[in-house]
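Colleague: Let me give you the structure first, and then I'll get to my questions.
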Amino acid sequence: MPRRSSTFKPETLVRPVIRRLQAYVPGEQPKIKGLVKLNTNENPYGPAPEVLEALRSATDGRLRLYPNPTAERLRIKLAQFHQCAPENIIVGNGSDELLALASRAFVEPLTGLTQYALQCAASKADRPLLRRAAFGRTGARGVLTPSRYAVQYLDPSYSLYPVLAGMHGAWPRAVPLPPDFSVPSVAALEESGWDSRAALSYITTPHAPSGREVSRALLASLSRSQNGVLVLDEAYVDFADADALQLALEHPNVLVSRTFSKAYSLCFLRVGYMVGHPALISALDKIRDSYNVNGLAQVAAEATLGALPYYKKNFARIIRSREYLANALNELDFQVLPSQTNFLLAAPPRLSAESWLARLREEKILVRWFSAPAIRDYLRITVGSEDQIEELLRAVKTILARG
Ligand SMILES: *Cc1c(COP(=O)(O)O)cnc(C)c1O
């Protein structure tokens, strides 16, 4: 029996990198009924009737069976959809899972340096062994360049990226965007500290949380100039004029990440996927859980791909609502950024954005506010249904009238 003193702190059992980690904060899923929920970019319209029917008829005694481990049928359908091979595709438990797998598969954790220190301290006889354990056969040189440890992303962007870097023990590198959140050119990015050799770079396109378009030309030149893996996170691309999926099929270092959550109304079931070179895809495949995508999620995603006209109509409806809401808020003195997504980033008038968050909540409207300096003057507002938009505008006018 090991003896522990009465002052033993169980926290000391947790790796320092995890103890220091600032966890990701998801948007609130309120328990109170009757709130207009415009805080997590969910689709205001439900899945297609065929999808619900497929889920219902899959819900029987077969729930006792394990699902297909590689989501094979779904990958075949996605390959047809994107005109590539099933080997170009991996499906995940939400795209968040795949974003996390990417940092594990492509980035050397900084704990490698600890191993290096060990190597220096070791006896001569141990050195070759330790050297191989720490650096593989290529030797210390390549591994010791800082870029091998770097996970790079724009600031602001999806706040999960730094968390993924942190939990892996990678070197998180935030590259600041200009105040209008536009991404002008690779040269301008490099001026701000962008590293063309970073092991892994995440770009949200269209950009979140601004909603702005990232130009195809820029994404193409980044694909060419980046030595490491470039993940293009297209979580909102179905609401945009253009996508960059082709870059993942043209460049062996580019992965495009997609999700069924936002555009395809399946947040609840957690299903996303990545498209890219089979060498990268199979690396991710090696380290995922054997049954990472649950059976009902596979059924729903397959049925979704059989009901695309329903969703295309939804996208058009949400885009129309987005433009209507942007105009209406502009007329109420909000500064609204142009959006290619299903949300708007808007700087509200008179009160601070944080106060607006609280006032809107009193009016039963839930939006998102981030305390990060670059975006603390903005609210992020999901484009809801036509009715939800009218309720939001009514609440805004009430708050403005109160002064
Ligand atoms: C919502 C979101 C995701 C996560 O999607 P899931 O498939 O639900 O995990 C990824 N990236 C961005 C930028 C998002 O906003």
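The values are calculated or read from the model by the stated rules, or taken from the named source; none is laboratory data. Computed from a predicted model, the values in this text were never measured in an experiment. Neighbour counts are summed over all protein chains in view; Cβ atoms, including those assigned to glycine, are modelled from backbone coordinates with ideal geometry. The accessibility values were calculated without ligands, DNA or RNA, using every heavy atom of the protein model including side chains. Shrake-Rupley method; radii C 1.70, N 1.55, O 1.52, S 1.80 Å.
Colleague: Of all residues in segment 35-75, which are among the aliphatic types (A, V, I, L, M), under 16 Å from LEU305 (Cβ atoms) and touching a helix residue (DSSP H, G or I) at 6+ places or on another chain (Cβ under 8 Å)? I'd like the intermediate steps shown before the answer.
Modeller: The initial filter retains those residues of segment 35-75 that are among the aliphatic types (A, V, I, L, M), namely 35-36, 38, 48, 51-52, 54-55, 58, 63, 65, 71, 74.
Now narrow it down to the ones that are under 16 Å from LEU305 (Cβ atoms): 48, 51-52, 54-55, 58, 71, 74.
Result: ALA48, VAL51, ALA54, LEU55, ALA58, ALA71, LEU74.
Colleague: With respect to the numbered conditions (1) open to solvent by less than 20 Å² (accessible area, probe 1.4 Å); (2) more than 16 Å from SER339 (Cα to Cα), which one is the sole condition not fulfilled by SER221?
Modeller: (1)
Colleague: Can you confirm whether segment 324-336 contains a residue that is buried (at least 17 other Cβ atoms within 10 Å of the Cβ) and either modelled with pLDDT under 95 or within 16 Å of the ligand (Cβ to nearest atom) (or both)?
Modeller: no
Colleague: Checking the condition more than 17 Å from the chain's Cα centre (by Cα) and surrounded by 22 or more Cβ atoms within 10 Å (Cβ to Cβ), which residue from ALA316, ALA300 passes?
Modeller: Details: ALA316 fails: surrounded by 22 or more Cβ atoms within 10 Å (Cβ to Cβ).
Exactly one residue qualifies, and that residue is ALA300.
Colleague: Of the residues LEU35, LEU21, only one is under 18 Å from ARG368 (Cα atoms) and either crowded, with 17+ Cβ neighbours inside 10 Å or not hydroxyl-bearing (Ser, Thr, Tyr) (or both); which? Give the steps one after another, and end with the answer.
Modeller: On the way: LEU21 fails: under 18 Å from ARG368 (Cα atoms).
Answer to the check: LEU35.
Colleague: Next question. Could you tell me which residue of segment 235-253 is most open to solvent (accessible area, probe 1.4 Å), considering only residues that are in a loop (DSSP other than H, G, I, E, B) and out of contact with any Leu (no Cβ under 7 Å at 6 or more places or on another chain)?
Modeller: Applying the first criterion (in a loop (DSSP other than H, G, I, E, B)) to segment 235-253 yields 235-236, 240-244, 251-253.
In the following step, the residues that additionally are out of contact with any Leu (no Cβ under 7 Å at 6 or more places or on another chain) were identified as 235-236, 240-243, 251-252.
Details: ALA235: 11, TYR236: 19, ALA240: 23, ASP241: 131, ALA242: 58, ASP243: 71, HIS251: 33, PRO252: 82 Å².
Once the filter is applied, the top-ranked residue is ASP241.
Colleague: Just checking, how many residues over segment 254-277 are closer than 24 Å to SER221 by Cβ, in contact with a helix residue (DSSP H, G or I) (Cβ under 7 Å, 6 or more places away or on another chain) and not in a strand (DSSP E or B)? Steps first, answer last, please.
Modeller: Filtering segment 254-277 down to residues closer than 24 Å to SER221 by Cβ leaves 254-258, 274-277.
Those still in the list that are in contact with a helix residue (DSSP H, G or I) (Cβ under 7 Å, 6 or more places away or on another chain) too: 254-258, 274-276.
Checking which are not in a strand (DSSP E or B) leaves us with 276.
The number of residues fulfilling the criteria is 1.
Colleague: Continuing with this model, one more query. Being in a loop (DSSP other than H, G, I, E, B) and open to solvent by less than 50 Å² (accessible area, probe 1.4 Å), is that true of even one residue in segment 53-68?
Modeller: Checking segment 53-68: at least one residue is in a loop (DSSP other than H, G, I, E, B) and open to solvent by less than 50 Å² (accessible area, probe 1.4 Å).
Colleague: I'd like to know if segment 384-399 contains one or more residues that are open to solvent by less than 10 Å² (accessible area, probe 1.4 Å), part of a strand (DSSP E or B) and of a type outside the set (S, T, N, Q).
Modeller: No, every residue in segment 384-399 fails to be open to solvent by less than 10 Å² (accessible area, probe 1.4 Å), part of a strand (DSSP E or B) and of a type outside the set (S, T, N, Q).
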